[in-house]
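A short write-up of the structure that comes next.
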Amino acid sequence: MKHNNVIPNGHFKKHWQNYVRTWFNQPARKTRRHIARQTKAATIFPRPTAGSLRPIVHGQTVKYNMKVRAGRGFSLEELKAAGIPKKLARTIGIAVDHRRRNRSLEGLQINAQRIKTYKAKIVIFPRVAKEVKAGDSSAEELASATQVQGPYMPVVREQPGIELLKVTDEMKSFDAYNKLRIERTNARHVGVRLKRAAEAEKEEKK
């Protein structure tokens, strides 16, 4: 045997059958989750199954602050701009976060408009069927109301637009490689050329 190799010392009797992870309960768990979702939807009817309305916020840190996501709750300033009292907001399915502060006017306006859009769409049931109060929906709206399944008013990130141009003959004839080489040469010789121009100007004055 040549060279400084590892001496063969394999351990293969590890009883691998004892460490196999099975997943036979997956179909039953799927059924159980489905039943739980149906039960929850029936319990919270007529409220949306996705829960309360959430604001649009930007992620933290430089890495994520260009991305938007759903926040914890609307700030008190946003509720005030939308004309909804903070105590009423939670009762009609709007999440509230009293600690949030609005750092930009644009974010405040977007979330205030989001609340107004939601308020125009929702159907408010009276607490007691026979006692209809101000702000409750009409009987026709109540009769035609349905429970919203899944996410509603999702937070969508705007995709940047792409502008298409027609390729012209001038673009086809343009030699980008030679142009780059010329500009690199000009950048490299700019100091020497300035020095020569200054010396030539000095000679002319004499």
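The values are calculated or read from the model by the stated rules, or taken from the named source; none is laboratory data. This one's a predicted model, so the numbers in the text were calculated from it and none came from an experiment. Every residue, glycine among them, receives a Cβ derived from its backbone with ideal geometry; neighbour counts consider all protein chains shown. To get the accessible areas, we keep the full protein, side chains included, count just its heavy atoms, and leave off ligands, DNA and RNA. Shrake-Rupley method; radii C 1.70, N 1.55, O 1.52, S 1.80 Å.
Of the set (1) within 20 Å of the chain's Cα centre (by Cα); (2) under 18 Å from A50 (Cβ atoms); (3) in a loop (DSSP other than H, G, I, E, B), all apply to E158 but (2). Kindly evaluate K195 against the criterion of being free of Cβ contacts under 8 Å to residues at least 12 places away in the same chain and more than 24 Å from the chain's Cα centre (by Cα). It is true that K195 is free of Cβ contacts under 8 Å to residues at least 12 places away in the same chain and more than 24 Å from the chain's Cα centre (by Cα). Here is a check on your reading of the model: is A143 part of a helix (DSSP H, G or I), open to solvent by less than 80 Å² (accessible area, probe 1.4 Å) and either of a type outside the set (K, R) or touching a residue at least 24 places away in the same chain (Cβ under 8 Å) (or both)? For A143, the condition - part of a helix (DSSP H, G or I), open to solvent by less than 80 Å² (accessible area, probe 1.4 Å) and either of a type outside the set (K, R) or touching a residue at least 24 places away in the same chain (Cβ under 8 Å) (or both) - is not met.
Here is the figure for the range 20-71: residues that are touching a residue at least 60 places away in the same chain (Cβ under 8 Å) and either outside any strand (DSSP E or B) or more than 20 Å from R114 (Cβ to Cβ) (or both) total 9. Only one of the numbered conditions (1) touching a strand residue (DSSP E or B) at 6+ places or on another chain (Cβ under 9 Å); (2) without any contact (Cβ under 8 Å) to a residue 60 or more places away in the chain is not met by E77, and that is (1).
Just checking, how many residues over the range 123-135 are in a loop (DSSP other than H, G, I, E, B) and either open to solvent by 40 Å² or more (accessible area, probe 1.4 Å) or modelled with pLDDT under 80 (or both)?
9
For the range 70-115, taking the residues that are open to solvent by 70 Å² or more (accessible area, probe 1.4 Å) and under 15 Å from P154 (Cα atoms), the one that is farthest from the chain's Cα centre (by Cα) is identified as Q113.
Output the residues belonging to the range 16-62 that are open to solvent by 100 Å² or more (accessible area, probe 1.4 Å) and closer than 19 Å to G107 by Cβ.
H58, Q60, V62 - these are the residues of the range 16-62 that are open to solvent by 100 Å² or more (accessible area, probe 1.4 Å) and closer than 19 Å to G107 by Cβ.
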